[in-house]
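The values are calculated or read from the model by the stated rules, or taken from the named source; none is laboratory data. Small disclaimer: the values here were computed from a predicted structure and weren't measured. Cβ sites come from the backbone with ideal geometry, for glycine too, and all protein chains shown count toward neighbours.
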Amino acid sequence: MGLRTDRDGVDRDGAAGISRRAVCALAAFVVGTFAICALVFGLGSSGPAPAAAGIHDGCRESDLRFTVTNDQREVDRQHAFERRLLAAKAQLPQPRFHTEPVDPTASLHSASHGFVVAYYRDDVAAGDLGDLRALQALANEQKVPLLTAPRVQRAALVAVRSGIEMTCSEAGAEQVAQLRRFTAELYRSLAEG
């Protein structure tokens, strides 16, 4: 049983084909969607687009799915560490400037205890860490629990506090200023000092 078509190949029974009305409705939907996107996201060259929320001086902030991580395996390590901590078989690292890597589970766990943990990429030259050292000294003076340590990572600077992570592409003065702001959101005295 074949389809009956006229000599132009159009199905006379209407069983196989799209009506002109459906094509017009689809076209109107696509054009409407494009227009809404253009209004929301902007088009053209009316100047640079505004920075996305949470991006400042090469640093991006994002919410963490779990308190100190987005990784379920890390959550499991954190729970095991908490049990060792409660049994006095583990301890949190000191909030200070570390020049050697610290236990990654213990240091990250510090963020769930009110610390701000800042990791700088392990290949950042010692001479480029002056601003970071100065911020740590100020935090120490004000008894702000900031822990700074080197770590193998892609980003130059990563900071974690309970529920939020800040990732920076560089570790210069502007990014350290953002780390100070990030820390001062929990510890206001750091903003004033």
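Quick look at the values:
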read-out: So THR105, is it in the same structural domain as GLY172 (by TED's automatic domain parsing), over 18 Å from ALA149 (Cα atoms), out of contact with any Leu (no Cβ under 7 Å at 6 or more places or on another chain) and β-branched (Val, Ile, Thr); value: no
read-out: ALA53 within 30 Å of ALA134 (Cβ to Cβ), part of a loop (DSSP other than H, G, I, E, B) and modelled with pLDDT under 95; value: yes
read-out: Number of positions in the stretch 104-138 that are in a loop (DSSP other than H, G, I, E, B) and surrounded by fewer than 15 Cβ atoms within 10 Å (Cβ to Cβ); value: 4
read-out: Flag for GLY114 being over 20 Å from LEU146 (Cβ atoms), more than 18 Å from the chain's Cα centre (by Cα) and small (Gly, Ala, Ser); value: no
read-out: Selection count, the stretch 81-103, where residues are in a loop (DSSP other than H, G, I, E, B) and charged (D, E, K, R); value: 4
read-out: Top-ranked residue of the stretch 67-103 - restricted to ones that are out of contact with any strand residue (DSSP E or B) (no Cβ under 9 Å at 6 or more places or on another chain) and closer than 22 Å to LEU179 by Cβ, ranked as surrounded by the fewest Cβ atoms within 10 Å (Cβ to Cβ); value: ASP103
read-out: Which listed residue, of ALA137, ALA111, is assigned by TED's automatic domain parsing to the domain that holds ASP76, touching a strand residue (DSSP E or B) at 6+ places or on another chain (Cβ under 9 Å) and within 20 Å of GLU165 (Cα to Cα); value: ALA111
read-out: Single condition ALA90 does not satisfy, out of (1) under 18 Å from VAL158 (Cβ atoms); (2) at pLDDT below 95; value: (1)
